[in-house]
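So the structure is just underneath, and the comments pick up after that.
The values are calculated or read from the model by the stated rules, or taken from the named source; none is laboratory data. For clarity, every value in this text was computed on a predicted model and none was experimentally measured. Quick reminder, even Gly has a Cβ in these numbers, built from the backbone with ideal geometry, and neighbours come from all protein chains shown. Heavy atoms of the whole protein, side chains included, go into the accessibility calculation; ligands, DNA and RNA do not. Shrake-Rupley method; radii C 1.70, N 1.55, O 1.52, S 1.80 Å.
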Amino acid sequence: MTAERPAAGERAVIVQLDFGSGDIPERLEEIRLLAESAGATLCAEVGGRRQSPDAATFAGKGKVQEIAAELAAHQADLVIFNHELSPAQQRNLERALQCRVIDRTSLILDIFAQRAQSAEGKLQVELAQLDHLATRLVRGWTHLERQKGGIGLRGPGETQLETDRRLLGIRVKLLKERLARVERQRGVQRKARQRGEVLSVSLVGYTNAGKSTLFNALTHAGVYAANQLFATLDTTSRKLWLPEAGNIVLSDTVGFIRDLPHALVAAFHATLEATAQADLLLHVVDSASPSRDDQIAEVNKVLAEIGAQSVPQILVLNKLDLTGLPPAVERNEYGRIERVRVSARSGDGLPLLRAALTEAALEKARETRSPHAGAVTGGPPPTPDSVLEPGSSL
């Protein structure tokens, strides 16, 4: 079962309502980038203030009429709500507007479906899509909500909707079994790596913060990097040689985003778990973004959800070439490095970041040799996703 993917250049109207959050400009910019990343052509935006969502149509009768007018004026055929719609709201909106309506979750799932390259990544995305679509099946089968009959079909009887739900359940079970096998394989690989003393470092951060650009600058890996949301989906891991500390393993991961669909977090549990078991997280931040504090909070929220809140972090304030600030290292009161200011694009500050990684690797090596010590950084043992297996999922 595939997602309802916008065709290239499909004309879309964006809807962003204000319920008093106060960050509407940032949310609008984000939904524009998401829609463009999915391949839509934006032709209009509809906004407005409400105390709370309308139970039937989310936006209310008057706002639905305004959306319909924009659809007609721009000959658009898709409406994208930057909100989460219930199945009933989605059906009511499609009946009223006579066009396809998708919400934020559907849009993000669609982008993931386009970007997933590895076999495991495709399985994970499909599982998340099916989980999301399960409650929306009735939309496609309204005209078939009756008992089937005829030769070969008589017996207990089953509506088309029931049949579809049953088949969907079988597919979900199959996907979960396949992903469980992959997770067991990862567990075997993880145990083998844990016997070594190599520092495991994962790049995390808000989508489009520059993680892949930084990864390429440090490792010369040639990973795809672009100014679009979720340019990276499949994790790539590389060995990075540090002259004073030897090899460490650096992994580039998918970016997080506010209101990340729970279905995605659940489906990608196996690979997100590897982030939780890293020795150190490089939390990459777009320091030029006016929403950087909110983005840091959103990333930390997802990290807590996957059990990675206790993994030590170094905040990497990227894109200093856009802020005009010089490269720098900041330490806390205990002398540990807390922040490093760099520009992955220009290379400014990268020697400081390598020195910070060297410091962490040497500390881990000392603690590993100590008979009474655990992991140096206070985090779990190293578990890079794939030292020599680039392209494993997420």
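Name the residue that is nearest to Ala119 (Cα to Cα), counting only residues in the stretch 184-199 that are at pLDDT below 70 and open to solvent by less than 90 Å² (accessible area, probe 1.4 Å). Even if it seems obvious, please write down each step before you answer.
We begin by selecting, within the stretch 184-199, every residue at pLDDT below 70; these are 186-197.
Filter once more, keeping what is open to solvent by less than 90 Å² (accessible area, probe 1.4 Å): 186-187, 189-190, 192-194, 196.
Values: Arg186: 14, Gly187: 18, Gln189: 18, Arg190: 20, Ala192: 23, Arg193: 23, Gln194: 25, Gly196: 28 Å.
If we take residues in the stretch 184-199 being at pLDDT below 70 and open to solvent by less than 90 Å² (accessible area, probe 1.4 Å), then Arg186 is nearest to Ala119 (Cα to Cα).
Which ranges mark the strands (runs of 3 or more DSSP E) fully within the stretch 293-363 that have 1 or more residues being closer than 19 Å to His220 by Cβ?
Result: 313-318.
Mind counting the residues in the stretch 85-107 that are outside any loop (DSSP other than H, G, I, E, B) and either open to solvent by 10 Å² or more (accessible area, probe 1.4 Å) or touching a residue at least 40 places away in the same chain (Cβ under 8 Å) (or both)? Spell out the reasoning first.
Step one: list which residues in the stretch 85-107 are outside any loop (DSSP other than H, G, I, E, B), which gives 87-97, 100-102, 104-107.
Right, trim to either open to solvent by 10 Å² or more (accessible area, probe 1.4 Å) or touching a residue at least 40 places away in the same chain (Cβ under 8 Å) (or both) and you get 87-92, 94-97, 100, 102, 104-107.
Qualifying residue count, the stretch 85-107: 16.
May I ask you to list pairs of residues, at least six apart or on different chains, whose Cβ atoms are under 7 Å apart, with the first in the stretch 316-331 being closer than 19 Å to Gln295 by Cβ and of a type outside the set (A, V, I, L, M, F, W, C) and the second being in a helix (DSSP H, G or I) and open to solvent by 70 Å² or more (accessible area, probe 1.4 Å)?
If the second residue must be in a helix (DSSP H, G or I) and open to solvent by 70 Å² or more (accessible area, probe 1.4 Å), no pairs are left.
From the list Gly121, Gly47, Gly39, pick out the single residue that is open to solvent by less than 10 Å² (accessible area, probe 1.4 Å) and of a type in the set (Gly, Ala, Ser). Please lay out each step first, then the result.
Numbers: Gly47 fails: open to solvent by less than 10 Å² (accessible area, probe 1.4 Å); Gly39 fails: open to solvent by less than 10 Å² (accessible area, probe 1.4 Å).
Every option except Gly121 fails the conditions.
Mind listing whichever residues of the stretch 328-342 are within 16 Å of Asp286 (Cβ to Cβ) and either open to solvent by 70 Å² or more (accessible area, probe 1.4 Å) or at pLDDT below 95 (or both)?
Initially, the stretch 328-342 is screened for residues within 16 Å of Asp286 (Cβ to Cβ), giving 339-342.
The answer is Arg339, and nothing else.
Failed condition for Ile14, given (1) out of contact with any Lys or Arg (no Cβ under 9 Å at 6 or more places or on another chain); (2) open to solvent by less than 20 Å² (accessible area, probe 1.4 Å); (3) among the hydrophobic types (A, V, I, L, M, F, W, C), with all others met?
(1) is the only condition that Ile14 fails.
Report, ordered by the first and then the second residue, all pairs with beta carbons closer than 6 Å, sequence separation of six or more or different chains, a first member in the stretch 108-126 that is in a helix (DSSP H, G or I), and a second member that is among the charged types (D, E, K, R) and modelled with pLDDT under 80.
Asp110/Arg5; Gly121/Asp234
State whether one or more residues within the stretch 242-262 are under 21 Å from Arg341 (Cα atoms) and surrounded by fewer than 19 Cβ atoms within 10 Å (Cβ to Cβ).
yes
For the stretch 306-320, give me each residue that is more than 13 Å from His283 (Cβ to Cβ), crowded, with 17+ Cβ neighbours inside 10 Å and not aliphatic (A, V, I, L, M). Give the steps one after another, and end with the answer.
First pass over the stretch 306-320, keeping only residues more than 13 Å from His283 (Cβ to Cβ): 306-307, 310, 319-320.
From the residues that got through so far, the ones that are crowded, with 17+ Cβ neighbours inside 10 Å too are 306, 319-320.
The answer is Lys319, and nothing else.
What are the residues in the stretch 50-76 that are over 23 Å from Asp23 (Cα atoms), under 30 Å from the mean Cα position of the chain (by Cα) and surrounded by fewer than 17 Cβ atoms within 10 Å (Cβ to Cβ), if any?
Passing the criteria: Ala55, Ala56.
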